[in-house]
Amino acid sequence: GAGVSQTPSNKVTEKGKYVELRCDPISGHTALYWYRQSLGQGPEFLIYFQGTGAADDSGLPNDRFFAVRPEGSVSTLKIQRTERGDSAVYLCASSLGTSGIQETQYFGPGTRLLVL
Amino acid sequence: GQQLNQSPQSMFIQEGEDVSMNCTSSSIFNTWLWYKQDPGEGPVLLIALYKAGELTSNGRLTAQFGITRKDSFLNISASIPSDVGIYFCAGQLGFGAQKLVFGQGTRLTINP
């Protein structure tokens, strides 16, 4: 079956512009996560959705970052007034969304964002 | 910021050698995970550990969940060229669907 897909795979924008990054989770997964990975670092958590609602948005760095998941499937990460420091790989992951112990997060290939 | 300290940052080994890397934390985690990331791809889960003291194997990979719940190690035996990549440890505070905290990664390079 299809894994997590992310579009676009690469995005180049200018400082100050607005960008949207899209994530299509694995079918049937109710939990969806966004992470940001800077060069040479591990992924850092941004936000997590359970269904349509944001269950944990503690990782969003500031109010320029916003994410939605209106129908509980596809999610869009939105970045306003982009800054050069926003350049990174943005990873999306999904999982079944249970409260059980063994909950595996499956990652997409990421969107490489470069802010000039 | 990140809370997991992973070492070493990089390793250069000969094919066939064994590899060991570890991860420590100042906080307790109830789940420890090891992921591998290839260039241009997202991380892929290798091994998941759910109980303190647990030792789990997956082929040539062996990982342990430290008894204090503040550390974990990953061993790779008899390395092969496809083991090249970046390995990340990750911790999860609770159970079920929750955020992961990642280490900085160990970059493994293998000389044939």
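The values are calculated or read from the model by the stated rules, or taken from the named source; none is laboratory data. Everything numeric here is computed off the predicted structure, so don't read it as measured data. Here the Cβ is made from the backbone with ideal geometry for all residues, glycine too, and neighbour counts use every protein chain on show. For the accessible areas, the whole protein counts, side chains as well, though only heavy atoms, and no ligand, DNA or RNA atoms are used. Shrake-Rupley method; radii C 1.70, N 1.55, O 1.52, S 1.80 Å.
Details
- Scanning segment A:28-60 for residues that are more than 10 Å from chain B (Cβ to nearest Cβ), without any contact (Cβ under 8 Å) to a residue 40 or more places away in the chain and over 14 Å from A:K78 (Cβ atoms) yields A:T52, A:G53.
- Enumeration of residues in segment B:16-27 that are in a loop (DSSP other than H, G, I, E, B) and in contact with a Leu (Cβ under 8 Å, 6 or more places away or on another chain): B:S27
- Taken residue by residue, segment A:93-109 has no member that is of a type outside the set (G, A, S), away from chain B (no Cβ under 12 Å) and within 12 Å of the chain's Cα centre (by Cα).
- Check on B:T109, surrounded by fewer than 18 Cβ atoms within 10 Å (Cβ to Cβ) and in a loop (DSSP other than H, G, I, E, B): no
- B:G40 satisfies every condition listed in (1) open to solvent by 50 Å² or more (accessible area, probe 1.4 Å); (2) outside any strand (DSSP E or B); (3) at the interface with chain A (Cβ under 10 Å from one of its Cβ atoms) except (1).
- In this structure, B:L33 qualifies as within 12 Å of chain A (Cβ to nearest Cβ) and either part of a loop (DSSP other than H, G, I, E, B) or touching a Cys at 6+ places or on another chain (Cβ under 9 Å) (or both).
- Residue count for segment B:68-105, restricted to those that are within 14 Å of chain A (Cβ to nearest Cβ) and charged (D, E, K, R): 1
- Summed over segment B:30-62, residues that are aliphatic (A, V, I, L, M) and more than 25 Å from A:G108 (Cβ to Cβ) total 2.
- Members of segment B:43-77 found to be among the hydroxyl-bearing types (S, T, Y) and part of a loop (DSSP other than H, G, I, E, B), listed by number: B:Y50, B:T68, B:S77
- First in segment B:92-103 and assigned to a loop (DSSP other than H, G, I, E, B), second anywhere and open to solvent by less than 10 Å² (accessible area, probe 1.4 Å) and β-branched (V, I, T), Cβ under 9 Å, 6 or more apart: B:L93/B:T31; B:G94/B:T31; B:F95/B:T31; B:Q98/B:T31; B:K99/A:I47; B:L100/B:T31
- Residue within segment B:3-15 that is at positive phi and assigned to a loop (DSSP other than H, G, I, E, B) present: no
- Screening B:Q6 against (1) without any contact (Cβ under 8 Å) to a residue 24 or more places away in the chain; (2) within 14 Å of chain A (Cβ to nearest Cβ); (3) surrounded by 13 or more Cβ atoms within 10 Å (Cβ to Cβ) leaves a single unmet condition, (1).
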